[in-house]
1. Working only within segment 311-352, note down all residues that are in a loop (DSSP other than H, G, I, E, B) and of a type in the set (A, V, I, L, M, F, W, C).
2. Could you say which residue among Thr404, Thr372 is at pLDDT 85 or above, more than 16 Å from Gly274 (Cα to Cα) and of a type outside the set (Lys, Arg)?
3. On the basis of being within 24 Å of the chain's Cα centre (by Cα), buried (at least 18 other Cβ atoms within 10 Å of the Cβ) and either assigned by TED's automatic domain parsing to the domain that holds Lys120 or charged (D, E, K, R) (or both), does Glu311 make the cut?
4. Answer with yes or no whether Ile66 is assigned to a helix (DSSP H, G or I), modelled with pLDDT of 85 or more and buried (at least 19 other Cβ atoms within 10 Å of the Cβ).
Amino acid sequence: MIRFDNYLFVLLLNVVPIFIYYYYFHKLKIKNKSIFTSIYCSVIVILSMTFPLEIAPGHIYDLRTIPWVVAFFYGGFPAGLITTIVMAIYRYMIGYNEGLMVTFIIVLLTLPILYFAIKKFNQAKSHIKKLLIICLTLLFPISIDLIATSFFTNKITLIFVVYLYLSHIVTLIISIYLIESLSYQERKKEHMQQTERIRLIGEMAASVAHEIRNPLTVVKGYTHLLKESSNITSKQQEMLSLMSSELVRAENIINDYLSLARTNEGTKEQINLGKLLKKVEELMSPYALLNNVKIYNQVQTPCIIEAGQDEILQLFINMIKNAIEAIEYTGEVVISEKITENYIRINITDNGKGMSEEELNRLGTPFYSTKTQGTGIGTMVCFNIIHHLNGKIKIKSKVKKGTTCSVYLPIVSK
């Protein structure tokens, strides 16, 4: 007789670690998420195998397949392989019998399916599509298990088959729903905190900008007058030139801070992104030439997006400027595009110094910059504009190999 309370206990073994992970460990700045995910899923695998379901007297079954599959999809193939090794070792410790042989058959036949399913999962945008991919993948090892088990036992009944599939699918749906919803809430919370920081910085900048700009204007004026004077030495002329350049830099920093104070509530219009990027290329070419950098604009698709002319111009000018400044001696910046569903993806790739994983994680946070004299405000402005346009940004980088910034923007028409 199948006991419902027995299933509830096994369900809790799968669900409770998810809550523990997202409330205590997910917030930690763990460098290698793959290893941590494999440890987390391996613990659930061991618990599932230690406390199995009793389908019938003398016949037990567990839900180890669920954390095993989750390890592959949410931790990547390396995390899945580590979990697989842990599962195989623990199953061997339980006993060397036909059950161990079934486990090895399932693993060997399912690994190729998982390899291709993970690629589809990473490309999926909606939670429903992700869940469907995992559920369809899970049916494969369950079916292999059912077929293999039928060779070793005569206890396969219709009730057993229905219970086997339902227990796995229901547990998986609950687990994936919790993972996706808790991770979404965590991302939403982080974004709200980031937005609040930006708002406070912008308000502070707006309140003091006027008072700072007035004395700066006066100092700039007198510095210019002194430079025009004929009775100053060449050393004094050099010092005044340095003062002028630093005053200009101070004004630029103030302007960056003020851009955070803008609410981005200006009028949106339909913009041909191909033409706009051509204009950005023309604007940034002289600056690139001064830095021994070539810009290659490969964008050909005339996509129409909805945005403010000034903000979208500022976005790509800032991003291309950052790419140019990341190149230390000579190099190139390549601008390319790709249509993905309802988005256009603009890739800005440079062959500069690149960034470490720690630098990537801190990118876009207040007052953090990879440049010696940078404030990080320009990058924050870019992130803010992308969010306002209902887009998203992904950054891939390797130290001494270069960086690729991918900006996804919603398309109005092609």
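1. Let us first name the residues in segment 311-352 that are in a loop (DSSP other than H, G, I, E, B), namely 326-330, 341-342, 351-352.
Hits for segment 311-352 are Ala326, Ile327.
2. On inspection, the qualifying residue turns out to be Thr404.
3. yes
4. Working: assigned to a helix (DSSP H, G or I): yes; modelled with pLDDT of 85 or more: yes; buried (at least 19 other Cβ atoms within 10 Å of the Cβ): yes.
Judged against the criteria, Ile66 is a match.
The values are calculated or read from the model by the stated rules, or taken from the named source; none is laboratory data. Just so it is clear, the structure is predicted and the values come from calculations on it, not from any experiment. Cβ sites come from the backbone with ideal geometry, for glycine too, and all protein chains shown count toward neighbours.
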